[in-house]
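The values are calculated or read from the model by the stated rules, or taken from the named source; none is laboratory data. Here the structure is a predicted model, which means the values were calculated and not measured. Cβ atoms come from the backbone with ideal geometry, glycine included; neighbour counts cover every protein chain shown.
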Amino acid sequence: MTKPTRFPLRLALPLLACSLVAVPAHGAQAAGFSIGAFRAALGQVAAAAAPVSSAPGVTTVTADRIEGQQDVRVDAAGRVVLERDTARLDADRVDYDILGDEAVATGNVVLKRGTDTIRGPRLRYRVEEQVGEFEKPDYEIQRNRAARVSAQVASTGIARPADVTVHGRGHADSIELEGENRYHLKNATFTTCEANDPAWYVKAKELDLDFDRNQGDAYNGTFHFGGVPIMYAPVAPFPLNGERRSGLLAPTIGTSNVTGLDVTLPYYLNLAPNYDDTIVPRYLGRRGIQVSNEFRYLNPSFHGSLQTEYLPNDAVYGESRSAIGFLHEQNLGYGFAGRINYNAVSDKDYFADLSSRVAQTSTDVLLREASLGYNAGSWLTASVLAQRFQTLKGSPQYNRLPVLMAQAYVPELSGFSLKMPLEAADFSRADSDTGWRAYAYPQVAYNFVRPQGYIAPKLGLHATTYQLDQRVSAGPLSAQRVLPIASLDAGLFFERDSRFGERAMVQTLEPRLYYLRVPYRNQDQLPVFDTAPADFGFAQIYSENVYSGQDRIANASQLTGGVTSRLLSAETGEELLRTAFGARIYFENQRVTLPGETGRTSQWADLLGAFSGKVLANTTLDLFAQYNPRDTRMERATAGLRYQPGFAKVASVAYRYQRDVYGDVDVALQWPVVRNFYVVGRASGDVRTNTLTQAIAGVEYNGGCWVLRLAAHSLLNSTGKYTNAYYLQFEFGGVVSVGNSPVSLLESNVVGYGRISQPVADPVFGTQ
């Protein structure tokens, strides 16, 4: 057998002509050249071909036997390989018409174009144009597309790939190649399953795949699952590579105790590259038919969305019900930016009755605001804001219309930093104190920073004025308050090298002291617009005020001390363990209080302690405690343990306690149990009252090219009733999803949850 030979046609034919001159005339045929003469030139051809074969636009052929006519045709047989650019054709025989640039390949034909592979008995192919027709082919098409990474999964260090690959394969009576990235298939099947007997496939009379436009169309298509046809569509457009395309989206099917059977059939309109619209008819078994719409737009300088929902004549509620949400954000240039956020519902029970998200049933307040901001860099920011609320449950909040805010900041001026925030707001609420409040807080700090530590003394003057329109509480319509505030913040940094087994570590010790002095001013006559006791913890222990808001500034002469120690990897700097302690001593009693509040008289504040880190391989522990030394009791405590040895394998348990308020136990899990089956769930409850506040239970099955998810969710909402929802979803090979997906529910409730399938292309959001 002759060794296969490779040559570039553009160079080979002139070389052949030269070699044939030395062949006797009777050894050559008038219409071509003999195989003997051809072989005489192989040495010259091979030598000339090697550096040229990879050049763009060069066609090369390798075969056991080759015959042909100069500049006219080549007939190759036996292990034939024809290559041009990224395309490669393998066959038992190839007849190549050079003038027409058409190759006819027969016998074990394999065409590879980039990541696509097609096999069949016969192919007619125009090489340069990459068009032709394959008879009875089997095909494999591979494409990459972007996929989002779950933030929770990424935070565990077990990251999902940023790109996913979709492998499509199938059979057809014929495939018409319509260019490098376009295919037209007749009587075709398509699946992403690797098995010869796929679990699912689509069978279509005609199938168009256009990767230049990233879109496909199936005509007279039937979806088969488990060998059984379960769905038919005369026309089914679908996206390729996660791009957007107008058309019907996969329906969702669910049920809840509030709505009954819940079915949606979304229709997506890709109106332009920068705006789209989604119309969602929704059948609610107990209530009627709701129609919702989402319009989105995106430009270089602005973006936004408009969402509307309407349910005529709710069969249970007895009236029509509606909701609207509008968000617009815009960069106006020259440092200016604007924002509008408007939300409204027809009645206070709207979310509890009609929301498709169980967690949203506990929504109590809706925000409505518009703002215009200016940013000149770090030294100056300013904004004007109008803010109102729709209160669904509980006491109504104060509206603020308008709010004027500004802040000047000089971070470095000969070691000093200067800062001055200002704000003026008009507060209004029915049957309450209403009017204007304005304050300014100029402050100066000196920052002495060295590698070993820092000292930062600070002095400020907080000035507040009130001009009220109405007083319901006792007090004047006009009031002022001026308070000097002084503080001294200092810290040290120590570190030492250490080892844990064979691993090099760095241990740090970071003590900190913070002294605060605020003189007493009687503030009992001031109204309370937005002020409440601040949460006491590590985030607040070094702050200037025990209250949030500006209506009360507590008197203080106090010293706060704390220490943090961290254990770091010497190689990567990764933090492995952290411990922290904090304590505060008061040198005077608290005399400034909110209405109905009793001032503190004790000398010591609660003690704080925290620990977090990896205590064992794949195991993290988080602890926090707030201890009351005055009454020798625990005020608050949390403890959490999480074990995560691998992807989609996580178990966690947590306990949260606040004296006389709650004692919550939380358990979450995602774990493989038997072959390809996973259990997933979460349960939360208050052990003090024996109340279950939330429960999620689900099962996932990974069939390789398809995934099944079953889940149930029960949540105790703000009305004291349970809202229940049920989820059933099929995902088919990263191509389509059918049913009501519980993935976002599981990702937000099971920390470390791993999606066991590739994200599915979605015309609206790219992936889901």
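It is to be established whether one or more residues within the range 393-409 are touching a residue at least 24 places away in the same chain (Cβ under 8 Å), closer than 15 Å to PRO421 by Cβ and small (Gly, Ala, Ser). Scanning the range 393-409, I find at least one residue that is touching a residue at least 24 places away in the same chain (Cβ under 8 Å), closer than 15 Å to PRO421 by Cβ and small (Gly, Ala, Ser), so the answer is yes. Assess whether ALA486 counts as being in a strand (DSSP E or B), without any contact (Cβ under 8 Å) to a residue 40 or more places away in the chain and closer than 23 Å to PRO402 by Cβ. Considered against the rule, which asks whether it is in a strand (DSSP E or B), without any contact (Cβ under 8 Å) to a residue 40 or more places away in the chain and closer than 23 Å to PRO402 by Cβ, ALA486 comes out as no. The residues of the range 175-203 that are under 24 Å from VAL707 (Cβ atoms), charged (D, E, K, R) and touching a Phe, Trp or Tyr at 6+ places or on another chain (Cβ under 9 Å) amount to a single one, LYS203.
Answer yes or no: is there a residue in the range 527-541 that is touching a residue at least 60 places away in the same chain (Cβ under 8 Å), in contact with a Lys or Arg (Cβ under 7 Å, 6 or more places away or on another chain) and among the aromatic types (Phe, Trp, Tyr). Checked the range 527-541: at least one residue is touching a residue at least 60 places away in the same chain (Cβ under 8 Å), in contact with a Lys or Arg (Cβ under 7 Å, 6 or more places away or on another chain) and among the aromatic types (Phe, Trp, Tyr). Can you tell me which residues in the range 400-417 are out of contact with any Ser or Thr (no Cβ under 6 Å at 6 or more places or on another chain), farther than 21 Å from ASP433 by Cβ and not aromatic (Phe, Trp, Tyr)? Hits for the range 400-417 are ALA406, ALA408, VAL410, GLU412, LEU413, SER414, GLY415, SER417.
A quick yes/no check of all residues on (1) part of a loop (DSSP other than H, G, I, E, B); (2) under 28 Å from the mean Cα position of the chain (by Cα); (3) of a type outside the set (A, V, I, L, M):
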site	(1), (2), (3)
GLU369	no, yes, yes
SER383	no, no, yes
GLN387	no, no, yes
LYS393	yes, no, yes
LEU401	no, no, no
PRO411	no, no, yes
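One residue stands out in the range 210-230 among those that are surrounded by fewer than 17 Cβ atoms within 10 Å (Cβ to Cβ) and in contact with a Gly (Cβ under 9 Å, 6 or more places away or on another chain): the one that is nearest to GLY247 (Cα to Cα), namely ASP210. The number of residues in the range 575-612 that are in contact (Cβ under 8 Å) with a residue 24 or more places away in the chain and more than 18 Å from GLN540 (Cβ to Cβ) comes to 11.
Is it fair to say GLY453 is of a type outside the set (Ser, Thr, Tyr), at pLDDT 95 or above, surrounded by 14 or more Cβ atoms within 10 Å (Cβ to Cβ) and farther than 23 Å from ASN545 by Cβ? Don't jump to the end; show me each part of the working.
Details: of a type outside the set (Ser, Thr, Tyr): yes; at pLDDT 95 or above: yes; surrounded by 14 or more Cβ atoms within 10 Å (Cβ to Cβ): yes; farther than 23 Å from ASN545 by Cβ: yes.
So GLY453 fits the description; yes.
Taking (1) touching a helix residue (DSSP H, G or I) at 6+ places or on another chain (Cβ under 9 Å); (2) in a strand (DSSP E or B) in turn, HIS328 satisfies each apart from (1).
Could you please find all residues in the range 631-666 being more than 24 Å from the chain's Cα centre (by Cα), β-branched (Val, Ile, Thr) and closer than 25 Å to LYS614 by Cα?
Step one: of the range 631-666, the residues more than 24 Å from the chain's Cα centre (by Cα) are 631-641, 653-666.
Among the residues that remain, those that are also β-branched (Val, Ile, Thr) are: 632, 638, 653, 661, 665.
Within the range 631-666, THR638, VAL653, VAL665 qualify.
The residue that is farthest from ALA697 (Cα to Cα), counting only those in the range 718-755 that are touching a helix residue (DSSP H, G or I) at 6+ places or on another chain (Cβ under 7 Å) and hydrophobic (A, V, I, L, M, F, W, C), is VAL751. Restricted to the range 497-600, the set of strands (runs of 3 or more DSSP E) holding at least 2 residues that are within 28 Å of LEU623 (Cα to Cα) and among the basic types (Lys, Arg) comprises 503-518, 575-586. Looking only at the range 270-282, filter to residues that are of a type outside the set (Val, Ile, Thr) and surrounded by fewer than 17 Cβ atoms within 10 Å (Cβ to Cβ); which one of those is farthest from LEU327 (Cα to Cα)? Checked the range 270-282; the qualifying residue farthest from LEU327 (Cα to Cα) is PRO281. Going by the structure shown, is ILE141 within 18 Å of ASP210 (Cβ to Cβ) and β-branched (Val, Ile, Thr)? Criteria met by ILE141. When LEU207 is tested against (1) surrounded by 15 or more Cβ atoms within 10 Å (Cβ to Cβ); (2) at pLDDT below 90, only condition (2) is not met.
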